[in-house]
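Here's the structure we're looking at; comments come further down.
The values are calculated or read from the model by the stated rules, or taken from the named source; none is laboratory data. Note that the structure is a prediction, hence the values are computed from the model and not measured. All Cβ positions, glycine included, derive from the backbone under ideal geometry; neighbour counts span all protein chains shown. Protein only, heavy atoms only, side chains kept; ligands, DNA and RNA dropped before computing areas. Shrake-Rupley method; radii C 1.70, N 1.55, O 1.52, S 1.80 Å.
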Amino acid sequence: MNVIIIEDESLLAKNLQRLLHEIDADINVLAVLDSVASTVNWLNTNAHPDLLFADIQLSDGISFDIFSRVKIDKPVIFTTAYNEYAIRAFKVNSVDYLLKPIDKDYLQAAWQKFKSHYHSAPVGGVTEQLKELLQTLANPAEKKYKERFLAHYKSGIVPLPESKVACFIKDTIIYLVTTDNEKLVTDYSTIDEIEEVINPQRFFRANRQSIIQINEVETYKKHDTGKIEVHLKCDKSLHIDISREKANDFVNWLDQ
């Protein structure tokens, strides 16, 4: 597996290279490049790697400039501290990202995602995804959110529209609970990952373990402590607790 690292901070580049070797000894880092110009030059004179790790902000511009100057039909994992909106765009367009400082477990998950979904994929798709990403970033009014979620059902995978999702619950692994009260396993690693791609007008991050859908709120009641207890339509016995700190946000969300 051949990769390149595009990173202008040498210590971060060395750390990423070390972590890659730790998670998979077969990863071969062909080059570490520190600018748009040097990367464009390298890509124009060498066979493209299987995967690119690219910081967004480089010394002479942003890494998106590279993709407008060189046709790249390989997947990209961005290493970034970019804003929440950009991260949501990355996820919606199936371009992965890693927040700095890079965590080894997240790097391992991104690498596994690459090997599972991208390495055998036909060329061309990544370039189109990057085009969509750039267009989305250029038009903040056209923010995209996930409208369909995949979950395991019997021996296969089922796509579910957001209207059929009652909530997401983390209990060792992350489940999707449908409006028909079916509990299906998802492939999401964290609740944070889901929060980045959902429409905040439809979904609310209730606590560390759960996200709820607005049309599934049956009733809620406030406790003396300031906490809120939410009951969902899908399961009258299921209640979701919302902290005192998030209580006002929840009420405002319902009343939007």
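Taking every C-alpha pair closer than 8 Å and separated by at least 6 residues, the mean separation divided by the residue count of the range 182-223 gives a relative contact order of 27 percent.
Sort the following peptides by mean Cβ neighbour count (other Cβ atoms within 10 Å, averaged over residues), highest first: 38-44, 101-107.
Values: 38-44: 17.6, 101-107: 13.9.
Per-residue mean Cβ counts within 10 Å order the peptides as 38-44, 101-107.
For TYR145, put the label point 7 Å out on the Cα→Cβ axis and report which residues of the range 198-236 keep their amide N under 14 Å from it. Correct set: 198-206, 211-216.
With +1 on the Cβ of every Lys and Arg and -1 on the Cβ of every Asp and Glu, and nothing else charged, how large is the dipole of the range 158-213 about its Cα centre, in debye rounded to the nearest 20?
Details: 6 positive and 9 negative charges, 37 e Å.
The calculated dipole for the range 158-213 is roughly 180 debye.
Packing-wise, with mean Cβ within 10 Å as the measure, how do 71-77, 56-62 rank, highest first? All intermediate terms of the calculation are to be shown ahead of the outcome.
Values: 71-77: 18.4, 56-62: 14.3.
So the peptides 71-77, 56-62, ranked by packing, come out 71-77, 56-62.
Using the Cβ-Cβ distance between HIS239 and ILE62 with R0 = 30 Å, the FRET efficiency computed as 1/(1 + (r/R0)^6) comes to roughly 0.10.
Within a straight-line Cα-Cα reach of under 22 Å, LYS170 can be paired with the following lysines, leaving aside sequence neighbours fewer than 8 residues apart in one chain: LYS91, LYS104, LYS113, LYS146, LYS154, LYS183, LYS227, LYS233, LYS236, LYS246. Centre-to-centre separation between the Cα atoms of the range 203-235 and those of the range 31-50: 49 Å. Compared with the alpha-carbon gap, the fully stretched path from LYS227 to THR190 is longer by 10.9 nm at 0.36 nm per residue. In the context of the full set of protein chains, residues of the range 138-256 present 59 Å² of accessible surface per residue (probe radius 1.4 Å, heavy atoms only). Normalised by the number of residues in the range 168-256, the average gap of Cα pairs under 8 Å and 6 or more apart makes the relative contact order 21 percent.
In Å², and per residue, what accessible area does the range 1-83 have when probed at 1.4 Å with the other protein chains present? Working shown, then result.
Details: 3720 Å² over 83 residues.
It amounts to 45 Å² per residue over the range 1-83.
For the pair the range 11-26 and the range 156-180, the centres of their Cα atoms are 35 angstrom apart. The trypsin sites (Lys or Arg not before Pro) of the range 143-209 that meet both conditions, a loop assignment by DSSP and at most 14 other Cβ atoms within 10 Å of the site Cβ, are LYS143, LYS154, ARG208. Within the shell of other residues whose beta carbon sits under 13 angstrom from the beta carbon of ASP171, the net charge comes to +3, with Lys and Arg scored +1 and Asp and Glu -1. Couplings for the range 206-214, taken from phi via the Karplus curve 6.51 cos²θ - 1.76 cosθ + 1.60 with θ = phi - 60°, read 6, 6, 5, 9, 8, 10, 10, 9, 4 Hz in order; Gly and Pro are left as x.
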